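Below is one structure, written out as structure tokens, with a few remarks after it.
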């Protein structure tokens, strides 16, 4: 009994139509994102033009737009980098413990707790930073000023209130920890089982297997999670505004009372009472924050794309 198969031309046309509809919808969504991004950039630039072209003495601070925005941009980057330096090893360690060390039930509970941290409002973190972290950081800041004052970051004198850039960085680290841990956890779970088993079969310990198989496979994911966390830290507003004691100028010391502000916190604090050229100045600082965030994401995308050739198939 012979059977005949349908010729290749007999593929239903509805599937081709569905592919075209899906492709068009995906293309439209991508174009919409680009148009929205360009629209936001154009709006910010248009609103910032009066401040850009204004005489220096008319800009807030009386020393020009650059002198006003530069310390804020520096403080924004400094606070975000401190938070990232604290959160990155913590997120990797928590993700590894959940995926490779903890028993299944404990891992599930820890995963829920870490995910719930992302739902805590930023103002709660700010209050926690003021009343808990700041007072607790005073002895540490004093020790750093006494023993490591030759390093510009710890030159001192140490703040007696704890409202320092170091505390802001620590609070930002806790705030960005959930998203970074979630990304790292999912990436580590996708490590090819054959890679892990091959490493263990050759006599590697569990930590050696993680170093040889899990961490190399998850490098791009770790970088992606770090950049997501950095993006949130750059734009954080209320927690920074509540904690940080701001002084004019650029300050490298992260444990003293002299601290550079951040762009997002400055906009939140100054915008309600601003009018005229002051509003345009704040929007100009927002434009700088927009480009800083865009640059960070572009660099992250470039790094991740360079790591893309490593996969479970090679």
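Quick rundown of the values:
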{"item": "Relative intensity, log₁₀ I(q)/I(0), of the range 100-219 from a Debye sum that treats every alpha carbon as a point, q = 0.13, 0.16, 0.20, 0.23 Å⁻¹", "result": "-0.76, -0.88, -1.00, -1.16"}
{"item": "Square roots of 5 times each gyration tensor eigenvalue, C-alpha, the range 188-249, largest first, Å", "result": "41, 12, 8"}
{"item": "Anisotropy class of the range 14-145 from Cα gyration tensor, a/c 1.5 cut", "result": "oblate"}
{"item": "Rough spin-label spacing in nm, given labels placed 7 Å along Cα→Cβ, for residue 298 and residue 107", "result": "4.0"}
{"item": "Span per principal axis, largest first, for the Cα atoms of the range 87-132 (Å)", "result": "35, 21, 15"}
{"item": "Acute angle (nearest 10 degrees) that the helix 13-53 long axis makes with the longest principal axis of the chain, alpha-carbon atoms", "result": "10"}
{"item": "Cα gyration tensor, the range 166-275 - rounded (a/c under 1.5), prolate or oblate", "result": "prolate"}
{"item": "Degrees, to the nearest 10: 104-117 long Cα axis against longest axis of the chain", "result": "40"}
{"item": "Span from the the range 198-213 Cα centroid across to the the range 281-298 one, whole angstrom", "result": "43"}
{"item": "Average Cα contact separation per residue, the range 34-125, under 8 Å, 6 or more apart, as relative contact order %", "result": "10"}
{"item": "With Cα atoms, 0 to 90° folded angle of helix 134-147 axis to the chain main axis", "result": "80"}
{"item": "Convex hull volume of the chain per residue (C-alpha atoms, cubic angstrom)", "result": "227"}
{"item": "Among 279-290, 18-29, the order from most to least packed when residues are scored by Cβ within 10 Å on average", "result": "279-290, 18-29"}
{"item": "Peptide ranges 85-91, 43-49, 147-153 listed from the most packed, as the mean C-beta count within 10 angstrom indicates", "result": "85-91, 43-49, 147-153"}
{"item": "Span from the the range 233-276 Cα centroid across to the the range 27-87 one, whole angstrom", "result": "14"}
{"item": "Cβ crowding within 10 Å averaged over residues, with 61-69, 104-112 ranked highest first", "result": "61-69, 104-112"}
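A short reminder: the numbers here are calculations on the coordinates, not readings from a lab. These figures come from a predicted structure and were not determined experimentally. For neighbour counting, all protein chains shown are included, and Cβ atoms are generated from backbone atoms with ideal geometry for every residue, glycine included.
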